[in-house]
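This report concerns only the one structure given below.
The values are calculated or read from the model by the stated rules, or taken from the named source; none is laboratory data. The structure presented is a predicted model; accordingly, all values stated were derived computationally and were not measured. Methodologically, a virtual Cβ is constructed for each residue, glycine included, from the backbone with ideal geometry; neighbour enumeration extends over all protein chains shown.
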Amino acid sequence: MTATRLVVAVVGSVSSTRSARVRATLEELGTTVVTSTPSAAPAAVVNGADAIVLDVGDEPARFAPLAAAIRDDRAAASLPCGVVVGPSVVARDLALFGSVLLLASDADVDARLAELLEQARARRREKSRTAELEAQLVAATRRLTKLREHGATLAHDARVLFGVVIGFGCNLRDGIAGPVDATQSQHLANIVAAAQDASALVDRHVAALSALALEAERDQRLTGLEARVDPRRGLNDVGELVRTAALMFEGLAAGQGISLQVETEAVLAWCDEVLVKQAVVNLVTNALKFTPRGGSVEVAAFRRAPDSGGAPASRAEVEIYVVDTGPGIPAEDRERVFERGVRLERDAETPGSGLGLSVVRDVARLHGGSIRILDRAGGGASFVLAIPVDLRARGDDAAPPSSRRGGP
Amino acid sequence: MSRAGVHVLLVDDHPQGIEALDMRLRSLGHRTSVATNGEVALAIVEKDKPAVVVLDITMPEVNGYQACRAIKRIDPAIVVIMLTAKREPADRFWARQAGADDYLNKPIDPALVVQRIASLLEAR
């Protein structure tokens, strides 16, 4: 960072002797000078610059609009900015530039410009330090996520092994493997009780550990660090998102005499909040439309670990279920219903455009996920929208062509 | 268990996970079969129609949910109990979606599993 030269944007009248002196001084101080005029757009002025010098001379009013635009622009306003004025400028004119600007008159212009560059250098150092800390925070959170996953595996495997101890212990205690006397039975009961306690203890501590890691992952989402990678996607709690979207239909469902049940867990996934919400809304709308009075619509969202089956690829997904007790969708129509404008012949009486489910399919595709219709014991339709938890881990292949490429 | 001589199929890719239950069921006069993967389990269900299947979830190839769906397609009257160390809230939901009659967590006293089998058969 520090190896590259500072870039200073000088805005002013290029021809004046004072202007020439400002540029010469800045170049002597080891900076690259980029000049522009007061009529230029602030974005063009600050483009890649580390500091701004407004060389207003004796015409402060000409620079006032640009000064105001710089103050209103977040990126530009954060840059150190100096104003070089001519001898005839009075205090009232300087008010145009606000109090945050570094002011220089002819007398001490060299010293003030050096001061401005020191501010620019400090800002660079600060920025690079911040980027470093942010990267460390992201890496630390990733490690916590790994820790959480190891914890879950540990708890699972411990339960299996404690299950063996408890299973055989109970059998011995109950005389399944041959007679035991009262003392032996008591000893065996103690062994079983200790194994049960140990298993519960592992569960409790792993749950606490997992909650802490999840909290850190959420905090990181709140700082918005990761959101900078791609403005359209963010780290969202899909469980919460699905719950919120589904509960909007509570009143409507009650009015139609349909029981609406929502069951979700917290699952952080890299997705477009607005699109996923829209997909859930479309699925629930669809389910409510086809479910008769007295029926039920069940909405759920859970993390599906790669090993829990169903999903063929080895990646974690969040699965969003919308299950209803309507007429269901015949196996032969299960692909067709997702096509744009397609409605089933038997639904001619029910209002609709045939677009809702095609939007759901688009949302699935944009996220590199899938939409499926499952067989359901006892009829009804059962939609499963699956969204990969972390798209970045798979590279950019699942992103739509129009989206920005490249990582952090 | 109220009915003696019930055929129970036990499915777990780690047989030690169901061995104690197997011993207990046999000591109570029930017939048991053991399968260490979903495919073998389905072959036994096709051929021998057990009254009850106790199913693990985490198994390679055909997992517990897939096996449960397939069993219920073969004969919805077969009682399926999931017995698993998985404890995420999702698992119960998926088990229900797959048509399982009950869901029990490892580690467990095999006597409790025997009780559940009895009451589920009673309710039929």
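What to note about this one:
- Residue count, the stretch B:70-110 (criterion: buried (at least 16 other Cβ atoms within 10 Å of the Cβ) and closer than 17 Å to B:VAL52 by Cβ): 19
- Here the stretch A:199-226 is the region considered, the condition is being over 22 Å from A:GLU265 (Cβ atoms) and surrounded by fewer than 16 Cβ atoms within 10 Å (Cβ to Cβ), and the residue that is modelled with the highest pLDDT is A:LEU201.
- Number of the exception - A:PRO306 against (1) at pLDDT below 75; (2) in contact with a Leu (Cβ under 7 Å, 6 or more places away or on another chain); (3) closer than 28 Å to B:ASN63 by Cα: (2)
- Scanning the stretch A:175-195 for residues that are within 10 Å of chain B (Cβ to nearest Cβ) and crowded, with 18+ Cβ neighbours inside 10 Å returns A:ILE176, A:VAL192, A:ALA195.
- In the stretch A:88-136, the qualifying residues are those that are more than 37 Å from the chain's Cα centre (by Cα) and of a type in the set (S, T, N, Q), and the one that is modelled with the highest pLDDT is A:SER88.
- Qualifying positions in the stretch B:33-54 - under 14 Å from B:VAL113 (Cα atoms) and within 14 Å of another protein chain (Cβ to nearest Cβ): B:VAL54
- Considering the stretch A:232-306, the qualifying helices (runs of 4 or more DSSP H), each wholly inside and each with 2 or more residues that are within 16 Å of the chain's Cα centre (by Cα) and charged (D, E, K, R), run over A:273-290.
- B:ARG24 passes every criterion in (1) under 30 Å from A:GLU265 (Cβ atoms); (2) crowded, with 22+ Cβ neighbours inside 10 Å; (3) within 11 Å of chain A (Cβ to nearest Cβ) apart from (1).
- Scanning the stretch B:55-64 for any residue that is closer than 29 Å to A:ALA200 by Cα, crowded, with 23+ Cβ neighbours inside 10 Å, touching a Leu at 6+ places or on another chain (Cβ under 7 Å) and facing chain A (nearest Cβ under 8 Å) turns up at least one such residue.
- Of all residues making up the stretch A:35-44, the number that are over 18 Å from A:ALA61 (Cβ atoms) and either part of a helix (DSSP H, G or I) or at pLDDT 90 or above (or both): 2
- Only one of the numbered conditions (1) in contact with a strand residue (DSSP E or B) (Cβ under 6 Å, 6 or more places away or on another chain); (2) free of Cβ contacts under 8 Å to residues at least 40 places away in the same chain; (3) among the aliphatic types (A, V, I, L, M) is not met by B:VAL62, and that is (1).
- Residue count for the stretch B:27-54, restricted to those that are crowded, with 19+ Cβ neighbours inside 10 Å and in a loop (DSSP other than H, G, I, E, B): 3.
- Single match in A:VAL280, A:VAL276, A:VAL322, A:VAL297 (criterion: buried (at least 22 other Cβ atoms within 10 Å of the Cβ), under 13 Å from A:ALA381 (Cβ atoms), modelled with pLDDT of 90 or more and away from chain B (no Cβ under 13 Å)): A:VAL297
- Residues in the stretch A:150-166 that are more than 33 Å from the chain's Cα centre (by Cα) and more than 7 Å from chain B (Cβ to nearest Cβ): A:ALA158, A:LEU161, A:VAL165.
- Looking only at the stretch A:27-52, and only at residues there that are in contact with a helix residue (DSSP H, G or I) (Cβ under 6 Å, 6 or more places away or on another chain) and in contact (Cβ under 8 Å) with a residue 40 or more places away in the chain, the one that is surrounded by the most Cβ atoms within 10 Å (Cβ to Cβ): A:ALA51
For every residue, the table says whether it meets (1) at pLDDT 85 or above; (2) more than 21 Å from A:ASP108 (Cα to Cα); (3) small (Gly, Ala, Ser); (4) within 31 Å of the chain's Cα centre (by Cα).
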residue	(1), (2), (3), (4)
A:GLU28	yes, no, no, no
A:THR31	yes, no, no, no
A:ALA51	yes, no, yes, no
A:VAL56	no, no, no, no
A:ALA64	no, yes, yes, no
A:ALA67	no, yes, yes, no
A:ALA76	no, yes, yes, yes
A:PRO80	yes, no, no, no
A:GLY86	no, no, yes, no
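- Which numbered condition A:ASP55 fails, given (1) out of contact with any Leu (no Cβ under 8 Å at 6 or more places or on another chain); (2) crowded, with 22+ Cβ neighbours inside 10 Å; (3) of a type in the set (Asp, Glu); (4) closer than 30 Å to A:THR130 by Cα: (4)
- Count of residues meeting criterion [within 12 Å of chain A (Cβ to nearest Cβ), over 12 Å from the mean Cα position of the chain (by Cα) and under 12 Å from B:VAL114 (Cα atoms)] in the stretch B:4-21: 1
- Selection of the stretch B:71-122 for residues being more than 30 Å from A:ALA266 (Cα to Cα), touching a Pro at 6+ places or on another chain (Cβ under 8 Å) and within 12 Å of chain A (Cβ to nearest Cβ) yields an empty set.
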